[in-house]
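Below is one structure, written out as structure tokens; the observations come after it.
The values are calculated or read from the model by the stated rules, or taken from the named source; none is laboratory data. Note that the coordinates shown come from a computational prediction; the quantities given were computed from them, not determined experimentally. Every residue, glycine as well, gets a Cβ built from its backbone with ideal geometry; the counts of neighbours run over all protein chains shown. All accessible areas refer to the heavy atoms of the entire protein, side chains included, with ligands and DNA or RNA removed. Shrake-Rupley method; radii C 1.70, N 1.55, O 1.52, S 1.80 Å.
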Amino acid sequence: MQKLLVCYKWVLDEQDIKITGDLSLDTSKAKYKISDYDKNAIEAGALLAEQHGVAVEALTFGNAAVKQSLKDALSRGLDKVFWIGDAAAEQADAFVTANVLAAAIKKAGQFALILCGEGSADAYSQQTASRLAVLLGIPAITFVQQLSITDGKVTAIRKLGDCTEAVTVTGPAVISVLPEINKPRIPGLKQVMGAAKKPAAEWKLNDLGLAAGDLTPKVRKLSVQGYVMDRKKVIFKEADQADNVAKLVASLAQEGLC
Amino acid sequence: MPGIWIYSEDSAVARQLLTAGLELKTSMNQAVGVLTPNSEDAQSFVAAGADKVYVVRGSNPWPESYAGAVADILGREEAAVVLAGGTLRGKDLAAKVAAAMQAGLVTDAATITYANGNIETSRLIYGGLAVCTEAVALPAFVTIPPRTFAEAPAQGNGAGEVVTVEAANEDERISVTNVCPIVRQGTDIAGASRVVCVGRGLNKQEDLSLAAALAAAVGAEIGCTRGISEDYHWLPNDRYIGISGQKVKPELYIGMGISGQVQHVVGVRDAKVIVAIDTNEKSLLFEAADYGIVGDLYEVVPLLTKALQK
């Protein structure tokens with residue numbers, strides 16, 4: 001079996017992003033993380049690689065900060081990371097991202113499977129796996145909750161809201177996994193130390209042979225505004241819970257809810 | 001025909017998108033068409049105002065396999081705007097077709113307008129923390145979640161034409177089997193009028209009985225946060241509410257022992273009244289609540305259950 005590839009995204013941790021008074025976002029305190037959904041993809045790749053005795057590599061495209069992701073990624077069972085750190089990633093839409101990843105995958109070699117998370121924790125566009133499959137000319141199996149490989153055949157159980165289905169693919173494919181597929185490992189000290197010795201290959205955007213049009217986003221951000229809930233926020237916090245409950249019930253009665 | 005094209009494998013969703021498509025028809029002064037794999041519904045789209053309907057008929061019933069045929073038709077028609085139903089199957093197909101046509105695609109748009117020669121959309125990002133307004137160059141692809149718009153009503157005198165196109169959608173690399181509906185325990189919480197939701201403030205699985213008693217008292221379904229279903233497996237995955245789980249629109253939502261992370265709160269934003277119960281006064285759910293009680297859910301919930309039973 002050929003080696004496996006996982007694509008991951010290095011994103012701002014949304015829990016550290018603050019909404020300021022004018023509804024703009026303050027990201028100055030926000031650290032980066034591997035997108036949560038992609039941790040499941042990395043884990044799925046690492047587990048399959050261990051089971052079948054093949055290598056599992058990863059690919060990431062981000063801004064200059066993406067270099068900081070290598071140690072965390074490599075401590076999660078990956079053998080190697082290819083990374084592209086370029087300011088173009090800041091404005092990239094799914095069209096540009098898929099073009100960059102597809103060009104890099106063609107350069108990185110032949111893979112049995114290419115694994116992605118179902119969406120990213122920041123933009124959650126859920127497009128990358130499907131777009132990659134088209135650009136690479138191979139099938140896409142999206143929203144997968146169970147994955148196995150037997151005799152070179154990949155069997156995936158997809159979950160699609162109201163139903164599940166089993167999809168079997170021969171030959172290479174792009175897979176997007178749901179968070180429920182596994183529980184990502186928490187790297188121990190040994191894995192973290194070991195990560196420092198593993199290889200990482202930097203590629204420049206210019207080396208991927210992409211035309212200017214391939215790198216020009218089709219979707220442009222016009223504005224980003226913090227979402228503010230307009231709620232009553234009547235909070236009862238007396239020591240006497242019977243009293244609090246009585247006040248809450250009175251409020252619900254007023255709303256016509258009891 | 002350049003213009004606005006609609007696709008969904010779910011005909012009810014396609015009729016909802018027709019409502020958005022007919023608005024764009026007015027602002028863009030272009031015709032609106034529908035692509036459907038469901039021949040039996042073609043006339044309903046014409047009746048609801050579609051100027052042209054393509055029935056795409058292939059021998060492979062897997063909806064995802066229609067991407068190539070849909071891209072061919074849209075390319076030939078020189079589509080300006082494509083609205084696709086935001087089911088998971090629809091998102092998969094839309095991304096494939098957009099890639100084939102080298103087009104931009106906005107996922108899960110809440111609003112869509114035509115402005116300055118582009119399609120402008122708004123959508124949630126960062127797990128629901130912020131709203132992002134974007135401009136998509138034509139041809140512009142947009143997926144719209146089911147139930148964002150009401151279905152376009154039948155107008156009675158539809159004059160649109162229906163054309164059937166054969167699609168070569170067999171792919172010997174892929175076989176699909178065991179297509180089975182998920183058996184849900186209880187009714188679907190997405191449509192529930194009242195929801196009682198539990199989070200990690202609950203100490204053990206047995207204590208779900210507290211939530212069950214409150215739910216019974218107010219006539220609610222039980223939902224949970226992602227941790228309760230995916231990490232603890234105390235409730236099925238289709239019970240968890242949040243950005244990647246269920247979105248609920250009840251008249252009453254009561255959350256207990258919930259920290260109120262934005263990924264969860266985004267799933268309850270459309271609730272009419274939100275009630276939060278948590279020991280931690282700093283729980284973010286209080287920020288998103290209409291009413292709240294700061295207190296131990298083990299003390300508050302039984303009291304509330306008793307009061308509401310009366």
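Over the C-alpha atoms of the stretch B:32-94, the Rg to Rh ratio, Rh being the Kirkwood estimate, stands at 0.93.
Roll a 1.4 Å probe over the protein chains and send me the accessible area per residue for chain A in Å². Before the final figure, lay out each step's value.
Values: 11130 Å² over 258 residues.
Ligands and nucleic acids excluded, the result is 43 Å² per residue.
Each 5 Å bin from zero up to the one holding the largest Cα-Cα distance in the stretch B:2-166 carries the following percent of pairs: 2, 10, 20, 25, 22, 14, 6, 2, 1.
3J(HN,Hα) couplings calculated from phi for the stretch A:146-163 with the Karplus curve 6.51 cos²θ - 1.76 cosθ + 1.60 (θ = phi - 60°) are, in sequence order, 8, 9, 8, 10, 9, 6, x, 9, 9, 10, 10, 9, 9, 10, 10, x, 8, 7 Hz; Gly and Pro show x. Mean separation of Cα pairs under 8 Å and 6 or more residues apart, divided by the residue count, gives chain A a relative contact order of 23 percent. Taking the Cα centre of the stretch A:200-258 as the origin and placing charges on Cβ (Lys, Arg +1; Asp, Glu -1), which of A:Trp203, A:Gln254, A:Ile235 is farthest toward the positive end of the dipole? So the residue we want is A:Trp203. Solvent-accessible area assigned to carbon and sulfur over the stretch B:2-166 amounts to 49 percent, based on a 1.4 Å probe. Its Cα gyration tensor gives the stretch A:44-105 an equivalent ellipsoid; the semi-axes, largest first and in whole Å, are 24, 14, 8.
Remark: the stretch B:1-65 carries a charge dipole of roughly 200 debye about the Cα centre, counting +1 on each Lys and Arg Cβ and -1 on each Asp and Glu Cβ.
Once backbone amide H atoms are built at 1.01 Å from N, A:Leu222 has B:Thr133, B:Glu134, B:Ala135 as its partners under 5 Å, excluding neighbours fewer than 5 places away on the same chain. Can you work out D for the stretch B:167-305 in µm² s⁻¹ from Stokes-Einstein, where Rh is the Kirkwood radius over C-alpha pairs, the temperature is 20 °C and the viscosity is 1.002 mPa s? Using the Kirkwood radius from Cα pairs, D works out to 137 µm²/s.
One equal scatterer on each Cα of the protein assembly as shown, no solvent, Debye formula: the resulting log10 I(q)/I(0) at q = 0.09, 0.11, 0.13 Å⁻¹ is -0.72, -1.07, -1.39.
Quick one: compute the contact order of the stretch B:189-309, relative version, from alpha carbon pairs under 8 angstrom and 6+ residues apart, as a percent.
Numbers: 268 pairs, mean separation 31.0, N = 121.
Relative contact order here is 26 percent.
What's the Kirkwood radius of the stretch A:10-150 in Å, using all Cα pairs? Please report the intermediate quantities before stating the final value.
Numbers: mean 1/r = 0.0622 Å⁻¹.
The answer is 16.1 Å.
Loop-only check: which GluC sites (Glu not before Pro) in the stretch B:236-310 are DSSP coil with at most 11 other Cβ within 10 angstrom?
B:Glu281
For the residues A:Asp13, A:Asp22, A:Asp214, a GNM of chain A with alpha-carbon springs under 10 Å puts the largest fluctuation on A:Asp22. Straight-line reach from A:Lys33: taking Cα to Cα under 12 Å and skipping same-chain neighbours fewer than 8 places apart, the aspartates and glutamates in range are A:Asp13, A:Glu14, A:Asp16, A:Asp72, A:Asp122.
Under the combined filter of DSSP loop state and at most 11 neighbouring Cβ atoms within 10 Å, the stretch A:1-50 retains these trypsin sites (Lys or Arg not before Pro): A:Lys29, A:Lys31. Rounded, prolate or oblate: which fits chain B when a ≥ b ≥ c are the square roots of the eigenvalues of the alpha-carbon gyration tensor, with rounded for a/c under 1.5 and prolate only if a/b beats b/c? Judged from the Cα gyration tensor, chain B comes out prolate (a/c at least 1.5, a/b above b/c).
Which whole-number percent gives the relative contact order of chain B, counting Cα pairs below 8 Å spaced six or more residues apart? Spell out each step's value before the answer.
Working: 679 pairs, mean separation 46.5, N = 310.
So the answer I get is 15 percent.
Every helix of 4 or more DSSP H residues in chain A counts as -39500 (n - 2.57), and over all residues that averages to -8000 deg cm²/dmol at 222 nm.
Summarised as an ellipsoid, chain A has semi-axes of 38, 24, 20 Å, derived from the eigenvalues of the Cα gyration tensor scaled by 5 and square-rooted, with the largest first.
What ranking, highest mean first, results for peptides B:97-103, A:249-255 when packing means the other Cβ atoms within 10 Å averaged over each residue? Display every interim value, and only then the final one.
On the way: B:97-103: 22.9, A:249-255: 14.7.
Per-residue mean Cβ counts within 10 Å order the peptides as B:97-103, A:249-255.
Of the residues B:Ile254, B:Ser44, B:Val176, the one whose Cα sits farthest towards the positive end of the charge dipole of chain B is B:Ile254 (charges of +1 on Lys and Arg Cβ, -1 on Asp and Glu Cβ, taken about the Cα centre). With a Förster radius of 35 Å applied to the beta-carbon distance between A:Leu222 and A:Lys183, the computed FRET efficiency rounds to 0.35.
How large is the helix-only mean residue ellipticity at 222 nm for chain B, computed as the sum of -39500 (n - 2.57) over DSSP H runs with n ≥ 4, divided by its residue count, in deg cm²/dmol to the nearest 500?
Numbers: 8 runs with 80 residues, N = 310.
Taking each H run of at least 4 residues, the total per residue is -7500 deg cm²/dmol.
If the label point is 7 Å along Cα→Cβ of A:Lys198, which residues in the stretch A:14-55 have backbone nitrogen under 18 Å from it? Answer for this model: A:33-55.
Pairs of Lys residues in chain B, spaced 8 or more positions apart or belonging to different chains, with C-alpha separations under 29 angstrom: 25 in total. For trypsin sites (Lys or Arg not before Pro), the sites in the stretch A:118-214 that DSSP calls loop and that have at most 13 other Cβ atoms within 10 Å are A:Lys197, A:Lys204. With the simple model of a label 7 Å out from the Cα in the direction of the Cβ, A:Thr168 to B:His233 spans 2.7 nm. Shape annotation for the stretch B:91-246: C-alpha extents along the principal axes are 57, 43, 39 Å, from largest to smallest.
Would you mind getting me the FRET efficiency between A:Asn206 and B:Ser209? Use the beta-carbon distance for r and R0 = 35 Å, nearest 0.05. Mind showing how you got there, number by number?
Working: r = 62 Å, r/R0 = 1.78.
According to the calculation, E is roughly 0.05.
When Rg and the Kirkwood Rh are both derived from Cα coordinates, the Rg/Rh ratio for the stretch A:120-174 amounts to 1.00.
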